[in-house]
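Undergrad: Can you keep this structure in mind? I'll have questions shortly.
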Amino acid sequence: MDVARFPHLQRKNLSVSHSATTAGSDVPEIARVQRTALRVLVSAQILSGAGLAAGITVGALLAQDMLDSTSLSGLPSALFTAGSAVAAVAVGRLSQARGRRPGLAAGYLAGAVGSLGVIAAAALDTPILLFLALFVYGAGTATNLQARYAGADLADPAHRGRAVSTVLVATTLGGVVGPNLAAPTGSLAEGLGIPYLAGPFLLAALAYALAALVLAVWLRPDPLLLAREIGATEAVDLPEQTPSPIVKRIDKGIAAGGFVMAVTQLVMVAIMTMTPVHMLAHGHGTAAAGVVIAVHVGAMYLPSPVTGWLVDRYGRLPVAAASGMTLLAAGLLAASVPGDSVGLLAVALALLGLGWNLGLVAGTAIITDTVPLATRAKTQGTVDVSIAIAGATGGMGSGLIVAASSYPTLALAGGILALAVVPVAAFTAGRHPT
């Protein structure tokens, strides 16, 4: 498409408003395309949320059962977050080259394949296959996060926080329903001759496959490719052709946004991973653990519209600092909750999810504000690698800490670590996108 023929679609106009009308049926109207893209992304996120919740709910329990070891029960979380690191790069590069539609669809399809691999590993009682399958399953987690960037591709800079939050909040429905289906899907699995704890991965395989189908069929036109074609967001030339102050601003934004998201991911994954194990050790069943994780997942995504508004209204960095304080509160409460109190533990996990949400939305907005459109998807994928590595570290380390000490020690240490976000937010210059 020759943008020069349609001056009302030029960057200078789109930076003010996305309500411009088009001259000719072949030129998509930006606001309409953005609404369509968000509807498709929301549909896919509802499905992928259910797939994501499977590993969260029973991954550690399945490993504990197959390996007969608490110290290694954090390994599944470490594996699928490590797999998500590789997938983040792959999805980011594929999106950079071909667009969001093939990148996201391929990521979800890989997550479905990994889910089927977990089921086969459990049925065959083969730990090595379980580890490999969980690694591939992590592609679904990476893609679920990458989808938030697609929501911001065509968004006005002043509304990017809300666009990101719209995609994130859609994960709530599937993420809350998924853990509560742990018991029914477990019973279904047993009826099919599959171990009970592998049941939720039946749901994950179906959900991820449907999410891939929705994106492959309906995410048209591709938001990233269209944003490039019409210059819908502010772009910057290659770093070697860019004045040094702009390069420094970009690097500073990437570092700040990446750090916020990595720390919040590490703390959240570490405490979340060991919560079901902690609950079973105190006599609670998988149904109770599923309820607590459902509350946690709901808090991870449900507050997104409010978080997006706060990010757009008050700035990225104040919200990032608030995430550190919220995670501290979550760690302190989780560390002090009596083992028989499901209610208080659910509150602690809700705070944990909320703190993660604040950090993710704020960090995502920081990255999207500062990264040039020409390299945006590739850079976003690279940043998500640091998030995945942080999650893998948290997942693997959580089991070791609990085995060596206790769950309260893990929760307290995580809360204190989250405070590192506050000084980064306080000393990083700039509150609003430029």
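The values are calculated or read from the model by the stated rules, or taken from the named source; none is laboratory data. Worth saying up front: this structure is predicted, and the values here are computed from it rather than measured. For neighbour counting, all protein chains shown are included, and Cβ atoms are generated from backbone atoms with ideal geometry for every residue, glycine included.
Undergrad: Is region 336-352 home to any residue that is without any contact (Cβ under 8 Å) to a residue 40 or more places away in the chain, among the aliphatic types (A, V, I, L, M) and in a loop (DSSP other than H, G, I, E, B)?
TA: yes
Undergrad: Would you check which residues across region 384-407 are out of contact with any His (no Cβ under 8 Å at 6 or more places or on another chain) and surrounded by fewer than 24 Cβ atoms within 10 Å (Cβ to Cβ) and list them? So that I can check it myself, show each step before the final result.
TA: In the first step, residues of region 384-407 are kept if they are out of contact with any His (no Cβ under 8 Å at 6 or more places or on another chain); the result is 384-401, 403-406.
Within region 384-407, VAL385, SER386, ILE389, THR393, MET396, GLY397, LEU400, ILE401, ALA403, ALA404, SER405, SER406 meet the criteria.
Undergrad: Could you check how many residues of region 182-199 are closer than 12 Å to VAL58 by Cα and among the acidic types (Asp, Glu)?
TA: Final tally of qualifying residues: 0.
Undergrad: While we're on this one: Being farther than 26 Å from ALA362 by Cβ, at pLDDT 90 or above and not acidic (Asp, Glu) narrows it down to one of MET268, MET279, MET261, so name that one.
TA: Working: MET268 fails: farther than 26 Å from ALA362 by Cβ; MET261 fails: farther than 26 Å from ALA362 by Cβ.
After ruling out the rest, the residue left standing is MET279.
Undergrad: Only residues that are surrounded by fewer than 23 Cβ atoms within 10 Å (Cβ to Cβ) and either of a type in the set (A, V, I, L, M) or not in a helix (DSSP H, G or I) (or both): list them for region 206-218, please.
TA: The first filter runs over region 206-218 and keeps only residues surrounded by fewer than 23 Cβ atoms within 10 Å (Cβ to Cβ), leaving 206, 209-210, 213-214, 216-218.
Of everything in region 206-218, those that are surrounded by fewer than 23 Cβ atoms within 10 Å (Cβ to Cβ) and either of a type in the set (A, V, I, L, M) or not in a helix (DSSP H, G or I) (or both) turn out to be LEU206, ALA209, LEU210, LEU213, VAL214, ALA216, VAL217.
Undergrad: Does THR368 qualify as being of a type in the set (S, T, N, Q), crowded, with 20+ Cβ neighbours inside 10 Å and within 17 Å of the chain's Cα centre (by Cα)?
TA: Working: of a type in the set (S, T, N, Q): yes; crowded, with 20+ Cβ neighbours inside 10 Å: yes; within 17 Å of the chain's Cα centre (by Cα): yes.
Considered against the rule, which asks whether it is of a type in the set (S, T, N, Q), crowded, with 20+ Cβ neighbours inside 10 Å and within 17 Å of the chain's Cα centre (by Cα), THR368 comes out as yes.
Undergrad: Hand me the list of helices (runs of 4 or more DSSP H) wholly inside region 363-434 holding 1 or more residues that are modelled with pLDDT under 85 and farther than 30 Å from HIS159 by Cβ. Lay out the reasoning, then the answer.
TA: Details: elements: 376-404, 407-418, 421-427.
Per the criteria, 376-404.
Undergrad: Here's another thing I want to ask about it. Kindly list the number of the only condition in (1) in contact (Cβ under 8 Å) with a residue 12 or more places away in the chain; (2) among the polar types (S, T, N, Q); (3) out of contact with any Lys or Arg (no Cβ under 6 Å at 6 or more places or on another chain) that fails for THR368.
TA: (3)
Undergrad: So which pairs qualify, if the first residue must be in region 69-95 and part of a helix (DSSP H, G or I), the second must be surrounded by fewer than 19 Cβ atoms within 10 Å (Cβ to Cβ) and at pLDDT 90 or above, the Cβ gap must be under 9 Å, and the two must be at least 6 apart or on different chains?
TA: From residues that are part of a helix (DSSP H, G or I), the pairs are LEU79/LEU132; LEU94/PRO102; SER95/PRO102.
Undergrad: Please verify whether region 77-86 includes one or more residues that are buried (at least 22 other Cβ atoms within 10 Å of the Cβ) and over 30 Å from VAL164 (Cα atoms).
TA: For region 77-86, residues buried (at least 22 other Cβ atoms within 10 Å of the Cβ) and over 30 Å from VAL164 (Cα atoms): absent.
Undergrad: Still on this structure: Taking only region 142-192 into account, find how many residues are surrounded by 24 or more Cβ atoms within 10 Å (Cβ to Cβ), modelled with pLDDT of 85 or more and not in a helix (DSSP H, G or I).
TA: Number of matching residues: 2.
Undergrad: Follow-up question, since we're still on this one. Exactly one condition in (1) of a type outside the set (A, V, I, L, M); (2) under 15 Å from LEU224 (Cα atoms); (3) surrounded by fewer than 22 Cβ atoms within 10 Å (Cβ to Cβ) is not met by GLY103; state its number.
TA: Here GLY103 clears every test but (3).
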